[in-house]
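The values are calculated or read from the model by the stated rules, or taken from the named source; none is laboratory data. What you are looking at is a predicted structure, and each value in this text was computed from that prediction instead of being measured. Quick reminder, even Gly has a Cβ in these numbers, built from the backbone with ideal geometry, and neighbours come from all protein chains shown. For the accessible areas, the whole protein counts, side chains as well, though only heavy atoms, and no ligand, DNA or RNA atoms are used. Shrake-Rupley method; radii C 1.70, N 1.55, O 1.52, S 1.80 Å.
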Amino acid sequence: MYGFEFGAYKTRKINLGGKTNQQDKKSLLKNTLAERKIRQENKLKNKSATKIQAFWRGRKEYEELKRSLRKEWKKECKEILNNPESCDIENVIGIMRKFLMFYKTNSRTEDLEFMCKTLLTKKNVEIILLPLSDDDFIEDSINQLRMFIPYCIQSIPYCEKSEKQKLFFSIIKILMTINIQPKNVIYTYEKDNIHKNILNIILNAGLFNMINTLYYNISFDNDDNKIKQELKKLDLFNYSVFFLEMRNKLDINKLYKSFIVDIFTIPALPNRFDIKGLINFASHLPFIPLLEYINTNLEDIVNYIETEANIYPNNNLLVNLLSNIVAFGRSLILKGTNSFAVLYITVINKILDKIPSRYFILDDQKNLLFNHIESDDSSDEDESDDENAMDIKEKEEDFILDQSVMKWITYLWNDQDIQALYSKIVDVNTNNANNEIISEEVHLFCKLYLSLILKIPTYSNEILSILLYTKNIGLLSKLWEFTSTSTLVNEIISQTPITKLISNENYSTQWCILSLFCKMLNRQLLTMGDDEFFSEQNTLNINNIIKISILVRNISYMIYMNYDSLNDDMMIQNSNISIANMKSIYPQLLRQLYTRDSRKKFTKDNIWIMISENEQDSLIRMVLNEENSINNNEENTQSNSNNEFRSMFSGGIFSNDQNFLFNQNSNDSISSTTDSVKDNFYKQRILILKHIPFVIPFEVRVNMFRAMIDQDKMNRAGPFEWVNPVARATIRRDRIFEDGYAQLNNLGRSLRQKIQISFINEQGLPEAGIDGGGVFKEFLTSITHQAFDMDYGLFLSTSNQCLYPNPHSYARQSERLKYYEFLGRILGKALYEGILVDVFFASFFLSKWLGRISYLDDLPSLDENLYKGLLFIKNYQGNIEDLSLTFAIDDEQFGKAESVDLIANGSSIPVTDVNKIQYIYHMANYKLNTQINPQCKAFFRGLCDLIEPRWLQMFNQQELQTLISGSNDASVDILDLKMNTEYSGVYDENHPTIKLFWQVVNDLTEEQKRKLIKFVTSCPRPPLLGFKTLQPKFAIRDSGNDQERLPTSSTCINLLKLPVYRSYAVMKSKLIYSISSDAGFELS
């Protein structure tokens, strides 16, 4: 193409098809898929909308149909109600069909109520029964009832008005009793089959669960009267028993399981009836078949209960089951057969094995008549049943046991029930020649009561007392007959390793019987005085007691020697006894026997010793390492003496902590330092020293005690202690106690360090001299002599001249308690410095130093007459009520008698044959513990400032008295005294006067030798570890040549000032005169 312009030009290209977008293949596929997805979603939305609309239209039509059916149903029901005679079978089937088509579980109960009223309309008989009288309609009617009955049953618990409940249950009641309808009502060969079907429908619909739910709904306000009234109207419990009577027509397994879980676990079931209803229920209850089912299927029941128990988290259904079994079974025990007794105990044992101890705790257990009286040794409680203590800490600790439930369980140890079980199980089999049967029968009995004692510690003392003191039961001696010749006992005495004996299931029965025997014997010893112990009244003679002592000694020793392989939660094979239980049972009895033997010897020498004196050095190194570790731990945790005091007495009379009633952690841990040593020798002996220290010789323990104190002194002593003592006190001779209290009491634990004393004489002038230790000793001796004088009013003396805190109310005043605290520090200082003081304390008071409470066997050390009176009550053969005693005591205060209740409301509770043992316990507890509790606590607070409680735990009361004042039985070893005597002045060991002196001393009587020791040292008994430990050393110095001059002494420095006598006769006469005059300085 050419333009009009000169020359050619380039033509323009024009695309008539429009502009194109250039896309690659990947983008094209992506866009295509997105478009397809959008089309599919739109299609699905349209389809879903169609379905929703169709469903909505369907539901709308269905609701309209339901409304129409309901309207027709209501119209037909009204016609029937207005004219019952016109109703026929088709009408009943029709209204039931229409009702089931529109009614659902969550529908209004008004329709169900109206339906029930209609079906209960009578046309000769309730019209609900009409279809069941015609064979052509039976199947349809049964199918309808299969849907209708659950509506009625499930609605009963949630009705606000009891009239509705009664209406719904009337339907169930009529159907349940269809088998007793007359022939003119239901005349069919299928009558029994119909009844069977209906009963199974009712059972499967949850009749028993409905009763259970109804009970808990009604009992929400815990009003038993309301429960009884409501349940009586419905008579539900008795109809539940009706099902048991019809058990041949039902699934037995489902029937029994449902009844047991839903009905027989209702708390205190007998309490839900009036008398007539209870008699009716019990008379129709197939109790023995139920027990047999439980015995065979307990595991299935427990598994079923574990799922049901979540409904009621504050109730343990097994405890309720146990309570109800006892409630309904005890009448059969009293009059039943021996075989039933065996079945009864077997089932209870199995249930007890499944119940943790925490489920037997009552909130108000302190208010029980047979309140728990603390163990004889708080450390015993600390050792017992660690497993139970741990249980308490678990999530179920909010569980509350109903008092009424526990009341039924207590019938297991009612005296009548125990007598019946004993006669049917133990007595019957005693003369049986078949030992295997004897063992099994007796084992069942022993296992039951041992389980109760271990599972329910609150009642353990009551159970043991009834086993011991119920008439016509000689269980303790019987158990010893069974065990004394057993293989297990022989193996233990021959010291077969305990690990083998525990793991051998053949010994499980013997372990159970032996454990119950030891628990009973331990309890009996608490109420048995020494005179009774050594008399014919003791059914176990002394030879048997010695054998028992060896037996429990070996068990206790082996338990701690094998600590690494015996964990607390381990169980004796095929038994209910844990290692924690064993640590409580056997060492506790062993301590009892050892304490009694220490008080009055009945064993041979060294029967208790299991560890040789040759190990002394190793033992001392061990305790010093342990002590260092404890001290380091205390510093890290910033602990103090008060913490130690509280930990020492976690339980016993010094605690209001209710956890003491439960079995606590044994706390057998070893300190970190010792644990790192990995030395079994150390670990074993630390546990032995903690729990059964008396298997170590007394002298070794004394050396360990002194070694721990010496180490403590080294740790506390500063480089200039003697130059700068922690305190200086100026004491007036005529005001020793007052000045000592004012200047030293506030020092507390600092009293362990050096104290310097300066005396002011009667003329008010300072006495010359520097206290190098002797003056302080004189102060200590003088203040104890004054403060423990009865005229001072802080202490009284027994008939044996042993001291104990004054129980009078004025002694409990705050200022007086401070005096007791100060005296505790003074006695602690004497022990700390190894200074013997001539003071004797009553045994029951010394037991407080060891964290233990006192029992009847300690009462003679306080009041011999009261002790004899209580034994008279214990052994009284007549009617004890003739003595007109109550659980109260007249306590004289300032010349006026004041009645004090021994237990809550005790003045109105008479002493009877049943509770007289508890009366004896409470009386002894009041006299020995309660009256002096504040004084003892104050004294011990002071004592703990100087002496760590763990140091004293190595000794018993008698040994502790020996630590304080020396051995009363040990003779004065003159050779030892001579070898440890120092001389000054003109004297040496070869001086003629000294030779004469030792000749005279050798010829003195034992009493005169003691007077000589007292004359020089102020204490008539030699030091525990010999005169080498006497500080300062026994010394003799000349005091002139005057032959008429008498010997004198300075007791503060243990110095005898002896004139230079030339003849034996003069020496002897002058020395005897001086030592017999009870004087010292004044003779010069």
(message) Looking at region 729-765 only, could you name the residues that are open to solvent by 50 Å² or more (accessible area, probe 1.4 Å), farther than 26 Å from L963 by Cβ and at pLDDT 85 or above?
(response) T730, R732, R735, E738, A742, Q743, N746
(request) Answer yes or no as to whether K117 is farther than 27 Å from Y239 by Cβ, at pLDDT 90 or above and surrounded by fewer than 19 Cβ atoms within 10 Å (Cβ to Cβ). (result) no
(message) Checking F887 against (1) open to solvent by 10 Å² or more (accessible area, probe 1.4 Å); (2) without any contact (Cβ under 8 Å) to a residue 40 or more places away in the chain, only one condition comes out false. Which one?
(response) (1)
(request) Check D568 against each of (1) in contact (Cβ under 8 Å) with a residue 60 or more places away in the chain; (2) of a type in the set (D, E); (3) assigned to a helix (DSSP H, G or I) and name the one condition it does not meet. (result) (3)
(request) Identify, by number, the condition in (1) in a loop (DSSP other than H, G, I, E, B); (2) surrounded by fewer than 18 Cβ atoms within 10 Å (Cβ to Cβ) that Y983 doesn't meet. (result) (1)
(request) Mind listing whichever residues of region 89-105 are outside any helix (DSSP H, G or I) and either in contact with a strand residue (DSSP E or B) (Cβ under 9 Å, 6 or more places away or on another chain) or open to solvent by 70 Å² or more (accessible area, probe 1.4 Å) (or both)? (result) K104, T105
(request) Return the only residue of T1029, T981 being touching a residue at least 60 places away in the same chain (Cβ under 8 Å) and within 25 Å of F705 (Cα to Cα). (result) T1029
(request) Restrict the check to region 587-601 and report whether at least one residue is part of a helix (DSSP H, G or I) and exposed (fewer than 15 other Cβ atoms within 10 Å of the Cβ). (result) no
(request) Just one of (1) closer than 30 Å to F1027 by Cβ; (2) open to solvent by 60 Å² or more (accessible area, probe 1.4 Å) trips up N865, so point out which. (result) (1)
(message) Quick test of your reading of the structure: N506 fulfils all but one of (1) crowded, with 16+ Cβ neighbours inside 10 Å; (2) part of a helix (DSSP H, G or I). Name the failing condition by number.
(response) (1)
(message) So, in region 536-547, how many residues would count as being part of a loop (DSSP other than H, G, I, E, B), open to solvent by less than 90 Å² (accessible area, probe 1.4 Å) and either among the acidic types (D, E) or modelled with pLDDT of 85 or more (or both)?
(response) 2
(message) Looking only at residues that are closer than 26 Å to S323 by Cα, more than 23 Å from the chain's Cα centre (by Cα) and of a type in the set (A, V, I, L, M, F, W, C) in region 453-491, which one is modelled with the highest pLDDT?
(response) L475
(request) Report those helices (runs of 4 or more DSSP H) wholly inside region 893-953 carrying at least 3 residues which are open to solvent by 10 Å² or more (accessible area, probe 1.4 Å) and within 19 Å of L794 (Cβ to Cβ). (result) 933-946
(message) Take the residues in region 1026-1044 that are charged (D, E, K, R) and modelled with pLDDT of 90 or more; name whichever of them is surrounded by the fewest Cβ atoms within 10 Å (Cβ to Cβ).
(response) R1037
(message) Pairs needed: first member in region 799-816, farther than 20 Å from H785 by Cα; second member anywhere, surrounded by 18 or more Cβ atoms within 10 Å (Cβ to Cβ) and polar (S, T, N, Q); C-beta distance under 8 Å; at least 6 residues apart or different chains.
(response) P807/Q931; P807/Q935; R812/Q935
(request) For region 52-88, name all the residues that are loosely packed, with under 12 Cβ neighbours inside 10 Å, of a type in the set (S, T, Y) and within 12 Å of F102 (Cα to Cα). (result) none
